[in-house]
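Colleague: Sending over a structure as structure tokens; questions will come in a sec.
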Amino acid sequence: GNTASVAPPPRGATKTDREFVRATSGFQHRMPACAAFSVHVAFYLWYGTPALDGRWLHWDHATLPHWTDHMNERFPPGKPFIPPDEPHSPYYPARGLYSSRDESVLREQMREIAAAGIDSVMLSWWGQAGKDFRRDSQGVSTDELVPAVLDAAAAAGVGGSWHVE
């Protein structure tokens, strides 16, 4: 399918008179000014630290196989990362490695998300706790964390939606 991007409104345009231009392969389509425009980001709830969770969760995830030999040579599949010095993350969080259970971290993350102009977080959700089905590769249940995440998001004026894993 065609990918589309929405251009921001021109500088100085008002909410009632702006038009968004969606560029697709070979043509442009003008969206009416009343068209909804919002930004959503993926938000993963599976991170844990020994202090709050009793062990590292996902910061120590083993490298997954890549589809190119070059990347598999650079990052051998199955090799676990060793936090806190070598976490499974392309970037080291400025606040340090954290637990998704830490409500003060959740509140700060949601304030930062709102300040960046993001409208909604898509919560990575692995189903209801207590149900008998496969969880993520480390057995993390994200269900019990959802209320705290939604509370922090609401307090920051950020919406929420589901990414069902």
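The values are calculated or read from the model by the stated rules, or taken from the named source; none is laboratory data. Treat the numbers as computed from the prediction; the structure is a model and nothing was measured. FYI the Cβ positions are ideal-geometry reconstructions off the backbone, even for glycines, and counts take in every protein chain you see. Each accessible area value is taken on the protein alone, full model and side chains, heavy atoms only, with ligands, DNA and RNA left out. Shrake-Rupley method; radii C 1.70, N 1.55, O 1.52, S 1.80 Å.
Colleague: For segment 98-128, name all the residues that are open to solvent by 50 Å² or more (accessible area, probe 1.4 Å) and either of a type in the set (Phe, Trp, Tyr) or in contact (Cβ under 8 Å) with a residue 12 or more places away in the chain (or both). Quick ask: steps written out before the conclusion?
Modeller: Taking segment 98-128 as the starting set, the residues that turn out to be open to solvent by 50 Å² or more (accessible area, probe 1.4 Å) are 101, 103-104, 107-108, 111-112, 115-116, 119, 122, 125, 128.
Once the filter is applied, which keeps residues that are open to solvent by 50 Å² or more (accessible area, probe 1.4 Å) and either of a type in the set (Phe, Trp, Tyr) or in contact (Cβ under 8 Å) with a residue 12 or more places away in the chain (or both), segment 98-128 yields Arg101, Glu103, Arg107, Glu108, Arg111, Asp119, Met122, Trp125, Gln128.
Yes/no matrix, rows are residues, columns are (1) part of a helix (DSSP H, G or I); (2) more than 24 Å from Val39 (Cβ to Cβ); (3) not aliphatic (A, V, I, L, M):
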site: Arg111; (1), (2), (3): yes, no, yes
site: Gly117; (1), (2), (3): no, no, yes
site: Leu123; (1), (2), (3): no, no, no
site: Gln128; (1), (2), (3): no, yes, yes
site: Asp132; (1), (2), (3): no, yes, yes
site: Val149; (1), (2), (3): yes, no, no
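Colleague: Could you list, in sequence order, the residues of segment 81-109 that are assigned to a loop (DSSP other than H, G, I, E, B), under 25 Å from Pro147 (Cα atoms) and not small (Gly, Ala, Ser)?
Modeller: Pro93, Arg95, Leu97, Tyr98, Arg101, Asp102
Colleague: Go through Thr63, Thr68 for me and flag whichever is exposed (fewer than 12 other Cβ atoms within 10 Å of the Cβ), farther than 27 Å from Val149 by Cβ and of a type in the set (S, T, N, Q).
Modeller: Values: Thr63 fails: exposed (fewer than 12 other Cβ atoms within 10 Å of the Cβ).
Just one listed residue meets the conditions, Thr68.
Colleague: Let me ask something additional. Looking only at segment 134-146, count every residue that is surrounded by fewer than 18 Cβ atoms within 10 Å (Cβ to Cβ) and part of a loop (DSSP other than H, G, I, E, B) and tell me the total.
Modeller: 7
Colleague: Inspect all residues belonging to segment 67-85 and state whether any of them is in contact (Cβ under 8 Å) with a residue 24 or more places away in the chain and over 15 Å from Leu45 (Cα atoms).
Modeller: Initially, segment 67-85 is screened for residues in contact (Cβ under 8 Å) with a residue 24 or more places away in the chain, giving 83-84.
Next cut, over 15 Å from Leu45 (Cα atoms) only: 83-84.
Yes, segment 67-85 contains a residue that is in contact (Cβ under 8 Å) with a residue 24 or more places away in the chain and over 15 Å from Leu45 (Cα atoms).
Colleague: Inside segment 93-152, can you point out the residues that are of a type in the set (Asp, Glu), at pLDDT below 95 and within 16 Å of the chain's Cα centre (by Cα)?
Modeller: If the condition is that a residue be of a type in the set (Asp, Glu), at pLDDT below 95 and within 16 Å of the chain's Cα centre (by Cα), then Asp119, Asp136, Asp143 are the ones that fit.
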